[in-house]
Amino acid sequence: MTRSRFITYASVLTLSGLGLSVLMAAKASGEKTTDPAKPAAPANRTLVCLGYVDTQEKVVGLLPDNFPLTAQVTKVLAREGDEVKEGQPLLEFDTEMLKLKVKEAENAIQRAKAEQARAEAAVRAHAVQVNALHREYRGKEKELASKKSELEEAERLLGLGAGNKLQVEAARAAYEAAAENLESARLKWDGLQKDPPTYLVDLAKEGVKQAEIAKQQAEHARDQVRLRAPADGRIIRSFVSEGTMFGMATKEPAFWFAKKGSLIVRAEVSQEFAAGVFEGQVAQIEDEADDSQKWTGKVLVVPNQFLPKRLGNTGLIDIMPVTDERVLECQISIDGKNPPKFGQKVRVKLVKKDK
């Protein structure tokens, strides 16, 4: 065997051994890759949305009871942040003109009562007059009877020849005059007693009633110029000062008022994530700007309608939204001490159910 052939043969053996090693390594590697991978533990899925701290009953705007009639503020009795009780006066107003209206109505009642007294006096005078006419009628009856007797006596004397026709004619004329006077007295008496002026009393009483109603209206108008707390709660915002005039052109309320009650979070959930929200769902709440402030809670209410976002925490729906986005406004309880402040913007994390 020559030297060159020996080198060639050795090279072939070396390459064959190297190829066998590579194949065995590849097989070992393939066997390892076919082993099934262990499934990873499912991670908690979390829905994140924004919301703001609010009361369950929405904030309302307070205006004077007589709005939109004119009313001018003379004194402010409540400030922003004040805790107020139901019925507590919040403002004082200029009511001098309305007080004068009440005084005017009281004077009208006195005049109406004076008219009633005069009407009642007229009824009493009428009764006296009727009694007097009755007496006059009775007197005319007696006078007629007397004249009749005189006429009969004159006729008797004329029949005996002791009298004359002139005396009889005079007696007859006196008798006829007495009869006419009696009829006149009867007509006066009958007419007066059949039509007593009690209607004057009725009219006067109606006048008194109308004057009293006018007074009640004046007092109501005076008392309506006021503003009292509708319930126990807090003044959230004030838009009023001394001299403020309320009327038809008023655009802002005097105050924003929040009724006393537990604070909640109104979380706005987009439609694409709404299916993952359910009542009783655990919620993690944190301040939107400072995640070191944290609270816990649960979903209290999941509404059955999508609506445009509210305008801040005013409770008003944006009727001209910039986009067509609708949200599911969920109510979430707030647990723990040191709750967030009303109106605070927060981030809410809701843990989804595992499928």
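The values are calculated or read from the model by the stated rules, or taken from the named source; none is laboratory data. Since we're looking at a predicted model, the values are computed, not measured. Note that each Cβ is placed from the backbone with ideal geometry, even for glycine, and that neighbours are counted across all protein chains shown.
The conditions are (1) within 22 Å of Glu143 (Cα to Cα); (2) within 60 Å of the chain's Cα centre (by Cα); (3) in contact (Cβ under 8 Å) with a residue 12 or more places away in the chain, and Ala177 fails exactly one of them. Which is it?
(2)
Across region 92-116, what is the total count of residues that are assigned to a helix (DSSP H, G or I), of a type outside the set (D, E, K, R) and either touching a strand residue (DSSP E or B) at 6+ places or on another chain (Cβ under 6 Å) or touching a residue at least 24 places away in the same chain (Cβ under 8 Å) (or both)?
The total comes to 7.
If I filter region 159-174 for residues that are over 27 Å from Thr198 (Cβ atoms), among the β-branched types (Val, Ile, Thr) and in the same structural domain as Glu206 (by TED's automatic domain parsing), do I get at least one hit?
yes
Can you find, within region 56-78, the residue that is surrounded by the most Cβ atoms within 10 Å (Cβ to Cβ) among those that are more than 15 Å from the chain's Cα centre (by Cα) and of a type in the set (Gly, Ala, Ser)?
The selected residue is Ala71.
Please verify whether Glu212 is within 30 Å of Pro64 (Cβ to Cβ) and among the acidic types (Asp, Glu), treating the condition exactly as stated.
In short, yes.
Tell me whether region 119-137 contains one or more residues that are surrounded by fewer than 16 Cβ atoms within 10 Å (Cβ to Cβ) and at positive phi.
no
Return the residues of region 71-103 that are farther than 17 Å from Val225 by Cβ and in contact with a Lys or Arg (Cβ under 9 Å, 6 or more places away or on another chain); say none if nothing qualifies.
First, pick out the residues of region 71-103 that are farther than 17 Å from Val225 by Cβ: 79-86.
Within region 71-103, Glu80, Gly81, Asp82, Glu83, Val84, Glu86 meet the criteria.
Pairs under 7 Å by beta carbon, first residue on the phi < 0 side of the Ramachandran plot in region 183-204, partner of a type in the set (Phe, Trp, Tyr), six or more apart or different chains?
If the second residue must be of a type in the set (Phe, Trp, Tyr), the pairs left are Ala185/Tyr137; Arg186/Tyr137; Trp189/Tyr137.
Can you tell which of Gly191, Gly207 is surrounded by 16 or more Cβ atoms within 10 Å (Cβ to Cβ) and closer than 30 Å to Arg124 by Cα?
The match here is Gly207.
When the residues of region 46-91 are narrowed to those that are part of a loop (DSSP other than H, G, I, E, B) and of a type in the set (Val, Ile, Thr), which ends up farthest from Val351 (Cα to Cα)?
Filtering first and then ranking leaves Thr70.
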